[in-house]
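Written below as structure tokens is the structure these notes are about.
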Amino acid sequence: MPRFTVAIAGAGIGGLVFALALEKYAPDVDFQIYEAVSQLSTVGAGIGIQPRSWYIMEQLGLHELLLKISGDGRKPKMPLLYRKSDQPDGFQFLQGDPVLEENMTFHRGELQEVFFEHLRSPERVHLGKRVVSYTQPSDCTSKIEIQFQDGTTATCDVLVGADGIKSNVRKALYTHLANAAEARQHTSEAEHLRSYIPVVYTGASVYRGVLKRELGHDRMTLPLNASNIIMHAIAYPIQQGRALNVGAVVWQYELENTLYDGPWVADVAEETVRKAFTGWEPEVEDIMQNISTWSKWAINVVKKLPTFVDGRVVLLGDAAHGMPPHQGAGAGQGFEDALLLAQLLGQPTVDVTAIPTALKIYDQIRRPVVQDIAACCLQSGKLHSLLVPELVGVTPEMSHSGNVITKQQMQHIAEEIERVRKWRKGPSVEEDCKKAVLRLQEELSTAAP
């Protein structure tokens, strides 16, 4: 008989990695996965996994398989080159740390497929089940009731919201917290809590496209970050080198922290993107001119939440900390959430009554770390697009001339780029997990009669 039951809202890569971690670290805990879509698909953009987060793949025994589908088919780990490329005679101003920058790159759909195929019990995945809310009894030994969009319900002891940046679990969690504040006559607190439900626009949008490798293979050998004022482009191989994943970031920085008005993803005319990159370095121009299908993605993010937890309900991945893509950290941070949470719930001393303590420690350990990383990612995006005080007043046209921004100024930007990536040299995932488990054991032993 299982110690308790876990409901996972969302069968994306974060939810599936959490399920895989439960299978390894909490085999006596039952779990069910509820996914909103009626059919899992392999669509998606390219993503990277950094060495720090790659540790999770090693712990789950997936690393050797994933290396076979990573990168360009020849070298799965690839450092990133930073160039000022908005002029024909561009120059390199930074090369990523050969250890910290060696990201493994993937197509998101392929990753999701691998994770799903390695579930020992795929029948636990229930499709067409969009979580809309939950009812949590004050008695922690009673079941949480989950409400689905189709009118049906389910029960669990722990509800994990891994349902993405538009998370309904986050909406329900902060609605419940706000309602509780109102019941205490704390109206302003309730209003403040509700403000965490919607996401906010960063001011940045990404034009995304995929270039078949036959067109780009000869010209591009390493992942590239190409910079210009108010915009930058990044390209790296995916699908074993059969394609390049390309993103061109453009900024409307005056709209930062506003609510985005319009569709988050929309098709865009190829000429719009091609025109923006005319006159850049030949390698960049060649890539941009040969992509025929582009889409525009508005980069929205989750606000800096005051908690990831409400009793026995917890947020994971983008639902908790959806962040900008500028350091390629979002997916890996969801994996780190998954490993630490699974290890806490897997402790044999955690029964239903101890679940709130385990989730509280997850929040204490993970939330400060991942929120600092999210802030660094946003700053990286601005640095990649040369949005720094010393270049205020420099227009894209002035930058394109090659005569305004000096190599010394670019070197200073390179130093700032390195500074906001220092978190990668901090405590390892393994150290964080050990710290969390030790804290849990201490708290439970203290509370024991």
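The values are calculated or read from the model by the stated rules, or taken from the named source; none is laboratory data. Remember, it's a predicted structure, so these values are computed and weren't measured experimentally. For neighbour counting, all protein chains shown are included, and Cβ atoms are generated from backbone atoms with ideal geometry for every residue, glycine included. Heavy atoms of the whole protein, side chains included, go into the accessibility calculation; ligands, DNA and RNA do not. Shrake-Rupley method; radii C 1.70, N 1.55, O 1.52, S 1.80 Å.
Worth pointing out:
- Odd one out for residue 267, checked against (1) surrounded by 22 or more Cβ atoms within 10 Å (Cβ to Cβ); (2) without any contact (Cβ under 8 Å) to a residue 40 or more places away in the chain; (3) among the charged types (D, E, K, R): (1)
- Pairs meeting the criteria (first residue in segment 33-47 and surrounded by 15 or more Cβ atoms within 10 Å (Cβ to Cβ), second residue modelled with pLDDT under 75, beta carbons under 9 Å, at least 6 apart or on different chains) are 46/239.
- Options 417, 413, 373, 355: the member that is surrounded by 14 or more Cβ atoms within 10 Å (Cβ to Cβ) and farther than 30 Å from residue 227 by Cβ: 355
- Out of 392, 388, 404, sole residue that is aliphatic (A, V, I, L, M), surrounded by fewer than 23 Cβ atoms within 10 Å (Cβ to Cβ) and touching a Lys or Arg at 6+ places or on another chain (Cβ under 8 Å): 388
- On inspection, residue 284 qualifies as in a helix (DSSP H, G or I) and either open to solvent by less than 20 Å² (accessible area, probe 1.4 Å) or touching a strand residue (DSSP E or B) at 6+ places or on another chain (Cβ under 7 Å) (or both).
- Restricted to strands (runs of 3 or more DSSP E) entirely inside segment 18-114, those with at least 1 residues that are over 28 Å from residue 133 (Cα atoms) and either modelled with pLDDT under 90 or aromatic (Phe, Trp, Tyr) (or both) are 46-49, 81-84, 91-95, 103-107.
- Among the residues of segment 418-449, those identified as assigned to a helix (DSSP H, G or I) and over 24 Å from residue 55 (Cβ atoms) are 442, 443, 444, 445, 446, 447.
- Subset tally (residues that are in contact (Cβ under 8 Å) with a residue 24 or more places away in the chain, in a strand (DSSP E or B) and within 25 Å of residue 191 (Cα to Cα)) for segment 145-173: 4
- Residue ID - nearest to residue 396 (Cα to Cα), chosen from residues in segment 231-258 that are in a loop (DSSP other than H, G, I, E, B) and more than 20 Å from the chain's Cα centre (by Cα): 252
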